[in-house]
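Some notes on the structure that comes next.
Derivation of every value follows stated rules applied to the coordinates shown; laboratory data play no part. None of these values were measured; they are calculated from a predicted model. Using ideal geometry, Cβ is built from the backbone for each residue, glycine included, and neighbour counts are taken over all protein chains shown.
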Amino acid sequence: MANVARLRALRHSNGWIFGTMLVSACLSLTASFVLAIDAVRLAADPATSLSCNINAVISCGTVATSWQAQLFGFPNAFLGLAAEPVVITIAIASLGGVRFPRWFMLAAQTVYTLGVIFAYWLFYQSMFHIGALCPWCLLVTASTTLVFTTLTHVNIRDGNLPVPRRAQSALRAALAADLDAIAVTIWLLALALAVVLKYGDALVA
């Protein structure tokens with residue numbers, strides 16, 4: 001029981017929360033960087049074969065040349081290049097003991113929530129409209145989910161969200177029961193299962 005208590009205390013510590021946020025944001029930034037390079041290569045030569053063009057389903061090129069990949073008139077990856085360094089800065093500064101003001105963390109929560117919604121919109125488009133999956137895009141989806149989860153954890157814990165007191169107490173109780181960790185684990189497994197059920201053997205064909 002003592003070991004379980006220590007593990008739970010570790011998961012709720014700043015080191016674990018902001019460390020997870022840092023690693024996840026770095027993964028998302030790396031994926032965004034690769035996707036940005038691929039977008040530039042495709043702009044120069046649309047016939048370029050990308051290293052992650054594995055088959056008809058696992059094909060970064062198919063996703064990157066779709067209109068969804070440039071929804072705002074430029075490669076979506078550039079959004080990641082702009083947003084993730086901010087999250088990395090928050091994580092590193094917080095690991096160093098910096099406590100950001102409530103308005104700043106609320107703004108970060110709002111902006112990143114929009115980013116997660118956009119990431120899942122792209123995931124949906126890839127699954128059901130484009131008909132192809134990009135491994136780097138899937139990494140972005142998973143890593144942004146983890147960043148969103150850790151950021152939300154911090155903002156609930158520190159009372160940064162504008163919610164009624166009763167709701168705040170319920171959310172903190174859910175964190176104390178590790179329901180957030182359970183929920184995100186089930187969610188990511190459900191996404192992986194959805195991909196397998198949708199494409200099956202075509203993933204490795």
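The table for this structure:
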| quantity | calculated |
| --- | --- |
| Test: residue in the range 112-130 that is within 16 Å of residue 22 (Cα to Cα) and either assigned to a helix (DSSP H, G or I) or touching a helix residue (DSSP H, G or I) at 6+ places or on another chain (Cβ under 6 Å) (or both) | yes |
| Sole exception among (1) more than 21 Å from residue 31 (Cβ to Cβ); (2) in contact with a Leu (Cβ under 6 Å, 6 or more places away or on another chain); (3) in a helix (DSSP H, G or I); (4) not small (Gly, Ala, Ser) for residue 136, by number | (1) |
| Any hit, the range 181-193, residues being surrounded by 12 or more Cβ atoms within 10 Å (Cβ to Cβ) and part of a strand (DSSP E or B) | no |
| Positions within the range 66-99 being loosely packed, with under 15 Cβ neighbours inside 10 Å, part of a loop (DSSP other than H, G, I, E, B) and at negative phi, in sequence order | 72, 74, 96, 98, 99 |
| Meets criteria (hydrophobic (A, V, I, L, M, F, W, C), over 20 Å from the mean Cα position of the chain (by Cα) and assigned to a loop (DSSP other than H, G, I, E, B)) for residue 56 | yes |
| Residue in the range 148-166 that is loosely packed, with under 12 Cβ neighbours inside 10 Å and assigned to a helix (DSSP H, G or I) present | yes |
| Residue selected from the range 51-65 under the condition over 29 Å from residue 86 (Cα atoms) and hydrophobic (A, V, I, L, M, F, W, C), by the criterion surrounded by the fewest Cβ atoms within 10 Å (Cβ to Cβ) | 56 |
| Inter-residue pairs, beta-carbon under 7 Å, first closer than 17 Å to residue 102 by Cβ and in the range 147-160, second of a type in the set (Lys, Arg), 6+ apart | 156/172; 157/172; 160/102 |
| Number of positions in the range 167-180 that are assigned to a loop (DSSP other than H, G, I, E, B) and hydrophobic (A, V, I, L, M, F, W, C) | 1 |
| Condition met for residue 40 (aliphatic (A, V, I, L, M), in a helix (DSSP H, G or I) and surrounded by fewer than 15 Cβ atoms within 10 Å (Cβ to Cβ)) | yes |
